[in-house]
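Undergrad: Pasting a structure below so you can have a look.
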Amino acid sequence: RAKAAGRAQWVVFDPGMRAAALERIELERELGGALAAGQLRLVYQPVVDLQTEQVVGFEALLRWQHPTLGAIGPDRFVPVAEDSGHIVPIGRWVLAEATATAARWQRAHPRATPLSMAVNVSARQLAGGTLVEHVAEALASSGIAPSSLVLEVTETALVTDPDAVAERLTELRALGTRLALDDFGTGYSSLSYLRQFDVDVLKIDRSFVDLLDGSADDAAIVHGLVQLGRTLRLEVVAEGVETEAQRDRLRAERCDLAQGWLFAKPLEADEAELLLLAQASGAPALPRPRPAT
Ligand code: C2E
Ligand code: MG
Ligand code: MG
Ligand code: MG
């Protein structure tokens with residue numbers, strides 16, 4: 001076995017890889033009908049103002065409930081949907097659904113700054129020819145203010161085809177939507193993209209927020225990222241805030257917004273609505289999490 005492992009072709013027959021390849025094939029086949037079968041839905045994670053802990057918006061996150069395979073997370077199926085191209089019709093549906101939901105919630109809960117809705121956009125959508133059309137369509141049918149729609153892209157999506165991407169982003173800007181750089185700091189040459197693309201929001205990746213439980217040196221990285229965003233006059237969102245210590249530190253750094261399990265997990269639409277109602281009726285802030293047992 002050890003001898004076989006040394007041979008290049010062994011890799012092809014590695015049982016783990018074989019299983020992964022089979023899973024991809026199965027997911028790809030099943031994805032074709034998932035949308036029409038009503039197996040896809042969106043959940044909504046609240047985005048909170050760190051100073052007030054009031055909900056200022058949501059991020060829409062895809063969920064796939066398959067009748068026999070069960071719940072399949074986006075980290076498993078979005079890459080498959082990207083490779084197969086299924087992400088284009090799925091992404092179009094996500095835009096329509098998320099903006100329709102935002103319109104409902106904005107009407108029910110008017111604010112000086114309307115509740116925002118963030119939608120993740122993948123490299124394949126950004127490079128393809130129909131994203132701008134699909135965004136325009138979603139804005140028109142929902143009627144939401146374009147600036148309340150935030151499109152989240154990763155640095156990886158930006159490097160895939162920078163020239164085509166720059167063109168798409170210019171067209172999206174003309175529509176009035178905002179642009180967020182997701183998972184900031186985990187990609188390639190992050191800083192040059194901030195200059196090249198007109199970004200409005202910086203989302204600090206969870207891996208950096210995790211550092212806030214570590215050493216002072218680690219915390220310095222988060223300090224640097226927040227300062228960078230502030231200096232460039234970007235809205236800064238911390239992702240994956242799980243502890244009060246992280247929240248307090250981010251607040252002290254004057255990070256604007258946060259998302260994370262400390263505040264709320266991604267919620268079904270009706271749960272998110274209840275949360276908005278509770279806040280409107282004067283609930284102090286988000287319900288405090290139960291102390292860990
Ligand atoms: P993302 O856009 O960076 O989303 C944040 C992820 O962190 C979500 O995972 C969310 O549930 C999770 N999260 C939020 N708060 C916490 C926390 O406090 N602790 C931890 N450990 N995790 C937290 P999720 O929903 O599994 O989504 C994973 C990724 O899938 C997203 O990363 C995004 O890149 C992609 N994705 C999700 N929905 C869509 C979509 O509609 N379209 C596209 N193209 N990609 C999507
Ligand atoms: Mg995101
Ligand atoms: Mg992220
Ligand atoms: Mg991510």
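For every residue, the table says whether it meets (1) among the charged types (D, E, K, R); (2) modelled with pLDDT under 95; (3) within 16 Å of residue 185 (Cβ to Cβ); (4) away from ligand 1 (no atom under 16 Å from the Cβ).
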| residue | (1), (2), (3), (4) |
| --- | --- |
| 216 | no, yes, no, yes |
| 239 | yes, no, yes, no |
| 269 | no, no, no, no |
| 279 | no, yes, no, yes |
| 282 | no, yes, no, yes |
| 285 | no, yes, no, yes |
| 292 | no, yes, no, no |
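Undergrad: Can you spot a residue in the range 211-221 that is more than 16 Å from ligand 2 (Cβ to nearest atom) and of a type in the set (Val, Ile, Thr)?
TA: So the first thing to find is which residues in the range 211-221 are more than 16 Å from ligand 2 (Cβ to nearest atom), and the list is 211-221.
Keeping just the survivors that are of a type in the set (Val, Ile, Thr) gives 221.
Within the range 211-221, one or more residues are more than 16 Å from ligand 2 (Cβ to nearest atom) and of a type in the set (Val, Ile, Thr).
Undergrad: Among the residues of the range 251-265, count how many are assigned to a loop (DSSP other than H, G, I, E, B), away from ligand 2 (no atom under 16 Å from the Cβ) and of a type in the set (Lys, Arg).
TA: Residues flagged as assigned to a loop (DSSP other than H, G, I, E, B), away from ligand 2 (no atom under 16 Å from the Cβ) and of a type in the set (Lys, Arg) within the range 251-265 amount to 1.
Undergrad: Is at least one residue of the range 67-80 modelled with pLDDT under 95, within 24 Å of residue 239 (Cα to Cα) and not in a helix (DSSP H, G or I)?
TA: The answer is no, given that none of the residues of the range 67-80 is modelled with pLDDT under 95, within 24 Å of residue 239 (Cα to Cα) and not in a helix (DSSP H, G or I).
Undergrad: For residue 125, work out the one condition from (1) surrounded by 15 or more Cβ atoms within 10 Å (Cβ to Cβ); (2) in contact (Cβ under 8 Å) with a residue 40 or more places away in the chain; (3) polar (S, T, N, Q) it doesn't fulfil.
TA: (2) is the only condition that residue 125 fails.
Let's see how each residue does on (1) touching a helix residue (DSSP H, G or I) at 6+ places or on another chain (Cβ under 8 Å); (2) loosely packed, with under 14 Cβ neighbours inside 10 Å; (3) more than 18 Å from residue 203 (Cβ to Cβ); (4) of a type in the set (Val, Ile, Thr):
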residue: 35; (1), (2), (3), (4): yes, no, yes, no
residue: 46; (1), (2), (3), (4): yes, no, no, no
residue: 59; (1), (2), (3), (4): no, no, no, no
residue: 90; (1), (2), (3), (4): yes, no, yes, yes
residue: 95; (1), (2), (3), (4): yes, no, yes, no
residue: 107; (1), (2), (3), (4): no, yes, yes, no
residue: 135; (1), (2), (3), (4): yes, no, yes, yes
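The values are calculated or read from the model by the stated rules, or taken from the named source; none is laboratory data. Predicted, not measured: the structure shown is a model, and the values here were computed from it. Here Cβ is always computed from backbone atoms with ideal geometry, including for glycine, and neighbour counts include all displayed protein chains.
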